[in-house]
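The values are calculated or read from the model by the stated rules, or taken from the named source; none is laboratory data. If you're wondering where the values come from, they're calculated on a predicted model, not measured in any experiment. Cβ atoms come from the backbone with ideal geometry, glycine included; neighbour counts cover every protein chain shown. In case anyone asks, the SASA skips ligands and DNA or RNA and just uses the protein heavy atoms, side chains included. Shrake-Rupley method; radii C 1.70, N 1.55, O 1.52, S 1.80 Å.
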Amino acid sequence: QVQLVESGGGLVQAGGSLRLSCAASGGTFSRYAMGWFRQAPGKEREFVAAINSNGESRYYTDSVKGRFTVSRDNAKKIMALQMNSLNGEDTALYYCAAREGLGVWTRMAVYDYWGQGTQVTVSS
């Protein structure tokens, strides 16, 4: 079983950047496919980005393509989300998630483990 802890959120002006991290413990990190999701106030949680277990495959929701980059360091057991050109629509609570196995996954239901989230607020 893996435990996940997000960090790196905060308040940033529109056009700025943030780098989120997801630190894993308690499992063999390199066995897990990982994902980032977010939930804005009054909205459902949505997929943001995903990466497969060895880091060679990535997938993004359309609204963040070209602005966000997901990466992982299996030796350090960390997944990161570099977020550039932030705008107000990126304001949300960001969660990382993990599921054991191969592939890149966009659906929330397939992920077995979740962090508590880190808040990102973009001011105009």
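Tabulated data
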| item | result |
| --- | --- |
| Residue satisfying all of: in region 58-75; farther than 21 Å from Q39 by Cβ and part of a loop (DSSP other than H, G, I, E, B); least open to solvent (accessible area, probe 1.4 Å) among these | N74 |
| Test for G16: is it at pLDDT below 95 and more than 22 Å from T106 (Cβ to Cβ) | no |
| When residues of region 1-15 are limited to those that are surrounded by fewer than 15 Cβ atoms within 10 Å (Cβ to Cβ) and small (G, A, S), the one nearest to the chain's Cα centre (by Cα) | S7 |
| In region 25-53, residue surrounded by the most Cβ atoms within 10 Å (Cβ to Cβ) [restricted to those that are aliphatic (A, V, I, L, M) and out of contact with any Lys or Arg (no Cβ under 6 Å at 6 or more places or on another chain)] | M34 |
| Which listed residue is within 15 Å of E6 (Cβ to Cβ) and within 14 Å of the chain's Cα centre (by Cα), from R38, R107, R58 | R38 |
| Some residue of region 17-24 being open to solvent by 70 Å² or more (accessible area, probe 1.4 Å) and without any contact (Cβ under 8 Å) to a residue 60 or more places away in the chain | no |
| Number of positions in region 77-124 that are assigned to a loop (DSSP other than H, G, I, E, B), of a type outside the set (D, E) and either open to solvent by less than 50 Å² (accessible area, probe 1.4 Å) or closer than 15 Å to A33 by Cα (or both) | 13 |
| Residue match in region 26-34 (condition: under 19 Å from S57 (Cα atoms), touching a Phe, Trp or Tyr at 6+ places or on another chain (Cβ under 6 Å) and not β-branched (V, I, T)) | yes |
| Flag if K76 is over 15 Å from the mean Cα position of the chain (by Cα) and within 18 Å of Q3 (Cα to Cα) | yes |
